[in-house]
Amino acid sequence: MRVTTHYWLSLACSTALLGVGSNAFLSSRADISSELGAQLSKEANIFFPNAEEFAEATDRWSDYYRPNFTVVVQVAEEEDVANTVRFANSHKIPFLAVNDGHGDISSLGRMQDGIQIWLRNLNSIEISEDGRTATVGGGVRSFELMQTLFEKGKQTVHGVCECTSYLGPGLGGGHGALQGRHGLVSDQYLSLRLVTANGEIIEVSPDNKNKDLWWAMQGAGHNFGIVTSITSKIYDLVEDGIWAWEQLVFTHDQVEEVFELFNDLADIQPPDFLVWSYILRAPPMDPENPVILSHFLRGGVASIDPELIQPFRDLSGGAAANANATGLYTDIPTWIGTDLKGKGCTRDGSKIRFPIGFSRYNAEAQREFFDAFAEGTAGDSPLNSSIVLLEQYSMQGVQAVPEESTAFPHRQDDLLISPNMQYASPADAETEYKANVLGDTLRSILLKGTASNELRAYVNYAAGNEGSESWYGYETWRQERLSELKRNAANTPPTVPSPVPSEAPFSRDASPYYFEGGLRRVHPYHYTYNTYCKERWRDRTLLDIFTSEFRDREAGYYQKALESGKVRVNGQSASPDTILKNGQYISHTLHRHEPPVTGNDIGIIHESNDLLAIDKPAGVPVHSTGRYHYNSVIEILKYKYEDKFIPRPCNRLDRLTSGVMFVGKTAKGADTMAVKLRARSVQKEYVARVKGKFPDGVIVVDQPIMSVAPKVGLNRVRATGKEAKTKFRRLAYYPPPSVPAHSSSTEEPRDPNARPATPPPSYINENEGYSVVHCFPLTGRTHQIRVHLQFLGHPISNDPIYSNRRVFGPELGKDDATADYDDAIVDRLMAMGRTELPETVSYRTHFTTPPILPKGTDASVVEAIMSREHEAAVEAYQKRKGERLSGKKCDECGTELYTDPGVHELGIFLHAVSYSDSDGEWSYRSKMPSWALPPADLGVDGPTEVPEWQDVSENEEIVYGSGEVPDIGNDDAPASRGVTALVEGVGLVDISEARQVEERERTATVAAPVPENGD
């Protein structure tokens, strides 16, 4: 988080929020590990200088006035931040919160022998159900937010540099490409959670008692605490996120003309328009003089309007470096060089910025400025890699917000110019002196050109010598208001006691796991949940909160837990009627029962010092979530590798999906792989087992997908959804057996006239056989493969949502792109809870012939026998059909226990078989899953490996797109298809005409008289 920029510093305030004086002392490593470690969550970490992670955590964008740390605390939860602050205060240790280390203000150098609170793992992004807001963790970086929102068809205002945090720039106001439409980054904030200097966690919003602090957080927020999360407004993409980019180069003899053009553009610049320029030395363009390299960006169009760009084109002429492209909003950082691999994110040497803002360029001052920059960076000057950044944003949205409504004071500045002095590290005192002199000189030239003595410096870029009036405004009322808020913050005593420590339930020698019935199980254990009061909990009773928000146990359990003192508030026993208030801390100790997962181990495809490529088993969640903790990929790997490293997931698969997944063994390894996976060149391949005979050829589904009901995880094909495209190819088709395949080859030979036994449970949707399908997604929408297969009429056979007849009916949503039945579908899915189960598996007694009974036996007797056999099959099946409340209770805690999960809950027939780079730089592949191998009982051949995807020419592809829903059907299915009916108490019954004829013939044969002579 960019709280690092100012080290809680406002020079207008006489009281520093945190003391860093010479009397500060640092506890021993053992004290920090034992005392502070006991107060942190299990996911938090403490790193000392000899640890590899310490170097990564303290690496910085600039070496100028680096802070000095003796220990790094990598926090994992909001409470970790608060506990670290309290610990540091009690031991008089200075501390600094850091996200990605981009602060370069000189006051950072005052931090000596301190604690770095590393926020990187506070990286959650939660989008509200209505799609209007997102709650973002304090460790989220801009590129993470941009990509996550874009994948959901959303966007918001954030900095254009991918490697900086999202929150940091916003605390200082925050410029961004979308500000002409929506305002500054801070203008999007709706509320935030803050750890104060004394370790108290508070909620800050414009509507609560902290509304004065809310004003300050929007522009001067670095001074008042560590922001752990923030809720912001988000918006739908405009024109599907399309943007146009054009790069033009201007030479040293065009300075006055080009800056006059920039002034003209500012007068007519529309929203969604950005000019991002550099003055720099680029010998291939001009070996003697600096050049001006300008990037023009326009949202919502494929090319920039001529009236906006043509004068610049005419001036630039045909420079060799000129370029243009049409792309997406997410391409902006790559175009302008601020992506993760771009020059703007490079971590090398020292950098000092000298920002200044104003409304219009003075052409004469710009010439003087340009020439001074050219002279100071000429030849072998140690400053010859320096640049000048010129930012010209659209301002309509920024200036629509009243100036007095936030602490950001520079809403009338259309232009932001920042000389950036760069030189190699370590540098001698003379080089650093020259850098400061040149930077100040350049900024003074620009200030003189404004005809004002008031330097207006963007606080996020500040060098440190500008002063609080330059950062926060020259108005007396602004300075007084901030000073008063700062004094109040510094003098506020802590009000929340330390939480109840959560003890680890299992030591290294005592495994949490045991295996039984083919499942990995976790011994029940006692665990203490600790959390601060959330905003929605305020002024509600504990019983109301627990029974409405934690529904995995019956209300009676929570009533007893509250009455027996298992729940504490601020360290004191609480009752069911206790009313929660802001800032209170809740601790709940309970006996935890985790659901079992498959006993299959996590496969290792590849391992290096930095990375694991694993084969994730189906049914195992990646992270601790809901009722799962130890039974998660991350915890299983921790135990497997004896905590030798912290597993860091680089990609995520749904709990029910199996296949290739990447886990970083180091933060560097995780970041490197995450960058590769976000690249457009990554190719993902899946294999699925689906209903019926899938068509031949390469089938391309180009149908948009929309999230219909996020609460139940339902997505559907909708014309108003987000673009989604998947290619499919059938690898094999396995028809149903002519006789139910349930006999074992080891059984004794049967009497050919004997009546077959009731078949075992099978997949309802495979009564037409099934296909193994190779899937190649070209976009990454949620449930994309599952939804597109359902749309084709070939859903994944055991998919509990999209192959669920109880929800979608016998056609299973084939060709359905309307919202006509959405409400009913959502209602049925909501019922798939603790007692009702998905209808994907059946017991099929209707395939069993009637029992052999004496001639003339009443039909009711036959029916009764068939009914008893059916009920016995149902009872046996229900025992293993699915996880639901069993009626049995735990002897220790009285919690009602669940049955074991059923086959369908341990995973679906969808496997991520390969991740690779299209350029062939890297590739990881897993084996064909067992459910996709040729069925042994049919004695048929089929593929045993998934081949690499091979594209065909477009004219060979069969495309279903543009909202058109053609008849799909099986390519060589019989003309007369069977007709089935779902009969209560029986299941699916074939009622087609052919089947009725067959049944009449069989009945006639049974009813015919038997000749006495046996002929």
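Projecting the alpha carbon convex hull of segment 513-592 along each direction and taking the average yields 6.0 nm². For segment 613-681, the equivalent ellipsoid derived from the Cα gyration tensor has semi-axes of 20, 16, 9 Å, listed largest first. Placing a pseudo-label 7 Å from each Cα along the Cα-to-Cβ vector at Gln399 and Ser128 gives an inter-label distance of 3.0 nm. Report, in whole Å, the centroid distance computed from the Cα atoms of segment 401-440 and segment 614-645. Taking the Cα centre of each part, segment 401-440 and segment 614-645 sit 46 Å apart. Charging the Cβ of each Asp and Glu at -1 and of each Lys and Arg at +1, and nothing else, the dipole of segment 513-592 about its Cα centre rounds to 200 debye. Under 5 Å between amide hydrogens, built in the peptide plane, is the criterion, and for Ile605 it picks out Ala613, Ile614, Asp615 among residues at least 5 positions away or on other chains. Annotation: amide H-H contacts under 5 Å for Arg520 (H modelled 1.01 Å from N, sequence separation of 5 or more, or interchain): Val597, Thr598, Gly599.
Give me the net charge for the shell around Glu257: Cβ to Cβ below 11 angstrom, other residues only, Lys and Arg +1, Asp and Glu -1. Once positives and negatives cancel, what remains is -4. Here's the list of lysines a cross-link from Lys638 could span, going by alpha-carbon distance under 16 Å and ignoring same-chain residues fewer than 8 apart: Lys42, Lys616, Lys665. Highest average first, the peptides 624-637, 123-136 ordered by how many other beta carbon atoms sit within 10 Å of their residues are 624-637, 123-136.
Electrostatic bookkeeping for Trp245 treats Lys and Arg as +1 and Asp and Glu as -1; over the other residues with beta carbon under 9 Å from its beta carbon, the sum is -1. Spatially, segment 55-125 and segment 152-188 are offset by 23 Å when compared through their Cα centroids. With Cβ to Cβ distances under 11 Å as the rule, what net charge do the other residues near Thr406 carry (K, R +1; D, E -1)? Within the 11 Å Cβ shell, the charges total -1. Taking the square roots of 5 times each eigenvalue of the Cα gyration tensor of segment 288-418, largest first, gives ellipsoid semi-axes of 25, 22, 18 Å. Simple spin-label estimate for Phe150 and Asn289 gives 3.7 nm between the two label positions (7 Å along the Cα-to-Cβ direction from each Cα). Short to long, the 5 Å bins of the Cα pair-distance histogram for segment 71-126 hold 4, 18, 28, 24, 16, 8, 2, 0 percent of all pairs. Cross-link pairs exceeding 32 Å between alpha carbons, from the set Lys691/Lys725; Lys211/Lys343; Lys640/Lys725: Lys211/Lys343; Lys640/Lys725. Across segment 159-202, Cα-Cα pairs farther apart than 13 Å form 59% of the total.
Bear in mind these aren't lab numbers, they're just calculated from the coordinates by the rules spelled out. All values derive from a computational prediction rather than experimental measurement. Note that each Cβ is placed from the backbone with ideal geometry, even for glycine, and that neighbours are counted across all protein chains shown.
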